[in-house]
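To start, the structure itself, in structure tokens.
Where a number appears in this text, it was derived from the coordinates with a stated rule and is not lab data. Fair warning: this is a prediction, and the values are worked out from it, not measured in the lab. For neighbour counting, all protein chains shown are included, and Cβ atoms are generated from backbone atoms with ideal geometry for every residue, glycine included.
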Amino acid sequence: MKKEENISSEEKVLKAAMKEFAVYGYDGARVDAIAEKAKVNKAMIYYHFKSKEKLYERILKDITDNIYKQVQEAAVGEGNPMEVLYYIISRYMNLLDSFDKEIFQIMLRELASGGKHFRKIAIPNLIVPIYAIIEPLIKSAIDTGRMVKVNPHYTFMQIIGGILFFNVIKIPVSGSELEKVVFKKGYLEEFRENLFKIFKNGLEIKDGKL
């Protein structure tokens with residue numbers, strides 16, 4: 001972790017803006033409050049990002065770029081389509097688990113407000129490119145007799161969406177009895193193991209048999 005004095009003004013603004021947007025969403029966030037949290041002059045924010053919208057979109061772009069980079073790197077792994085798919089899913093799970101809760105709060109608030117910026121940033125920079133990686137793997141796994149015939153579009157959404165929801169739900173269940181049951185120590189490995197069992201027993205074909 002960088003020491004405070006070694007963090008650039010741009011990084012300070014991004015860190016402060018992340019917290020502000022997580023709590024208040026895009027519409028409720030105030031540039032004055034971001035400047036105060038970042039301990040920078042308000043003019044510095046406009047110098048780096050031009051507007052509140054550009055700052056917000058930069059945060060969304062950084063998040064989506066990070067996710068896509070991890071998936072893209074995982075997709076070049078060796079193995080048959082199912083093995084590569086498992087590796088991508090595992091990498092995706094690890095990444096989301098490492099995210100600060102502010103990221104998921106921003107996602108929730110963005111979608112709740114209509115998803116205007118999500119459509120502009122996340123769909124072309126994340127959803128569509130990842131789909132372009134996952135869909136051929138699913139089709140290849142089906143064509144080579146390694147996976148049962150499923151709809152690639154829905155399968156993609158259910159994989160990506162299910163893992164995302166698992167991480168998002170941490171926020172509302174925090175401090176509840178459900179948190180103690182679902183997010184107990186070692187929960188990520190248990191979740192991964194359980195998900196892969198579902199795949200292996202419900203989707204994967206071995207030696208011509210389910």
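Report the relative contact order of segment 1-113, percent, no decimals, based on alpha-carbon pairs under 8 angstrom and at least 6 residues apart.
30 percent
How large is ³J(HN,Hα), in whole Hz, for each residue of segment 178-189 in order, when computed from phi with the Karplus curve 6.51 cos²θ - 1.76 cosθ + 1.60 and θ = phi - 60°, using x for Gly and Pro?
Each residue's phi maps through the Karplus curve to give 4, 4, 5, 7, 7, 10, 6, 4, x, 4, 5, 5 Hz.
Based on DSSP H runs of at least 4 residues, each adding -39500 (n - 2.57), what is the mean residue ellipticity at 222 nm of the chain after dividing by all its residues, to the nearest 500 deg cm²/dmol?
Taken over the chain, the calculation gives -22500 deg cm²/dmol.
Sort 131-141, 177-187 by the packing proxy (mean of other Cβ within 10 Å over each peptide's residues), most packed first.
131-141, 177-187
Residue by residue through segment 74-86, what is 3J(HN,Hα) from phi via Karplus (6.51 cos²θ - 1.76 cosθ + 1.60, θ = phi - 60°)? Round to whole Hz and write x for glycine and proline.
Once rounded to whole Hz, the list reads 5, 5, 8, x, 7, x, 6, x, 5, 5, 5, 4, 4.
Please identify which residues in segment 54-75 have an amide N closer than 18 Å to a label point set 7 Å out from the Cα of Lys42, following the Cα→Cβ vector.
Inside the label zone: 54-56.
Which of the pairs Lys116/Lys184; Lys69/Lys101; Lys12/Lys120; Lys12/Lys69 have their Cα atoms more than 29 Å apart in this structure?
Lys116/Lys184
Between Leu108 and Ile198, what is 0.36 nm times their sequence separation minus the Cα-Cα distance? Round to one decimal in nm.
Gain on extension, Leu108 to Ile198, equals 29.7 nm.
Measuring from a point 7 Å past the Cα of Ser140 along Cα-to-C-beta, which residues in segment 38-79 have an amide N at less than 17 Å?
Within reach of a label on Ser140, which here means backbone N under 17 Å from a point 7 Å along Cα→Cβ, segment 38-79 contributes 71-79.
Per-residue HN-Hα couplings for segment 9-24, Karplus 6.51 cos²θ - 1.76 cosθ + 1.60 at θ = phi - 60°, whole Hz, x for Gly and Pro?
4, 5, 5, 4, 5, 4, 5, 5, 5, 4, 5, 5, 5, 5, 7, 10
Using only Cα atoms and rounding to the nearest 10 degrees, what angle (0 to 90) does helix 128-143 make with the longest principal axis of the chain?
So the helix axis and the longest Cα principal axis differ by about 10 degrees.
If we count other beta carbons within 10 Å of each Cβ, what is the order of Tyr87, Tyr56, fewest first?
Fewest-to-most ranking of Tyr87, Tyr56: Tyr87, Tyr56.
Run the numbers for Ser90 and Ala33: contour at 0.36 nm per residue of separation, minus the present Cα-Cα distance, in nm.
Residue separation times 0.36 nm, minus the Cα-Cα distance, leaves 16.8 nm.
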